[in-house]
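In what follows, a structure is listed as structure tokens, so that the remarks can point back to it.
The values are calculated or read from the model by the stated rules, or taken from the named source; none is laboratory data. Note that the structure is a prediction, hence the values are computed from the model and not measured. Virtual Cβ from ideal backbone geometry, glycine too; neighbours counted across all protein chains shown.
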Amino acid sequence: MVDRLHLFNARYGYATGDQILRRVHRHVESCLSPEDCLFRWTGPAFMALLERREDAGGVQDEMSRITSVKLEATVQIGNGSVLLPIACTSLLLPLAQTAGLAELTQRIDAFIGEQARH
């Protein structure tokens, strides 16, 4: 999930928010294996479907390494440009530990709502 995206949208416009989302997508996608699937979920959130042999702790460590990288995006604002810091937060939800799609969706949406309050 891209932190503070709503603030970037409010201050610099949705086109800037879209640039930030594209930057994050490129970064995360470049860190995943070709077999992994990365999707836009809603708003500032992405979802990655990963199949790993390691335990959940190892996968969480992998995702934390990917999302803890400090990204930046330079965006054009009028005649100038602004360098914006980008931060992300991740959540691991092992599919084997969910009761089904409805529960998975509810847990993802709850995570997004909680992060939006920060």
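If you filter region 49-68 down to residues that are in contact with a helix residue (DSSP H, G or I) (Cβ under 7 Å, 6 or more places away or on another chain) and among the hydrophobic types (A, V, I, L, M, F, W, C), you find that the one that is nearest to Arg23 (Cα to Cα) is Ile66.
Conditions tested, residue by residue: (1) without any contact (Cβ under 8 Å) to a residue 12 or more places away in the chain; (2) not β-branched (Val, Ile, Thr).
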| site | (1), (2) |
| --- | --- |
| Asn9 | yes, yes |
| Tyr12 | no, yes |
| Thr16 | no, no |
| Arg22 | yes, yes |
| Asp36 | no, yes |
| Arg53 | yes, yes |
| Ile66 | no, no |
| Gly78 | yes, yes |
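Does region 88-108 contain any residue that is of a type in the set (A, V, I, L, M) and touching a strand residue (DSSP E or B) at 6+ places or on another chain (Cβ under 6 Å)? Full working, then the answer.
Taking region 88-108 as the starting set, the residues that turn out to be of a type in the set (A, V, I, L, M) are 91-93, 95-96, 99, 101-102, 104, 108.
Next cut, touching a strand residue (DSSP E or B) at 6+ places or on another chain (Cβ under 6 Å) only: none.
No, that holds for no residue.
Ser64 meets all of the listed conditions (1) outside any loop (DSSP other than H, G, I, E, B); (2) farther than 22 Å from Ala110 by Cβ but one, namely (2). Residues of region 1-19 that are surrounded by 14 or more Cβ atoms within 10 Å (Cβ to Cβ) and of a type in the set (Lys, Arg): Arg4 alone. Checking Leu7, Leu21 one by one, the residue that is under 13 Å from the mean Cα position of the chain (by Cα) and of a type in the set (A, V, I, L, M, F, W, C) is Leu21 and no other.
Residues that are at pLDDT 90 or above and loosely packed, with under 13 Cβ neighbours inside 10 Å within region 70-79 comprise Lys70, Glu72, Thr74, Asn79, listed in sequence order.
Please verify whether region 86-109 includes one or more residues that are over 13 Å from Tyr12 (Cα atoms), loosely packed, with under 13 Cβ neighbours inside 10 Å and modelled with pLDDT of 90 or more. No, region 86-109 contains no residue that is over 13 Å from Tyr12 (Cα atoms), loosely packed, with under 13 Cβ neighbours inside 10 Å and modelled with pLDDT of 90 or more.
Scanning region 8-39 for residues that are more than 24 Å from Gln76 (Cα to Cα) and outside any helix (DSSP H, G or I) turns up Leu32, Ser33, Pro34, Glu35, Asp36, Cys37, Leu38, Phe39. Taken over region 40-59, the criterion of being part of a loop (DSSP other than H, G, I, E, B) and aliphatic (A, V, I, L, M) is satisfied by Leu50 alone.
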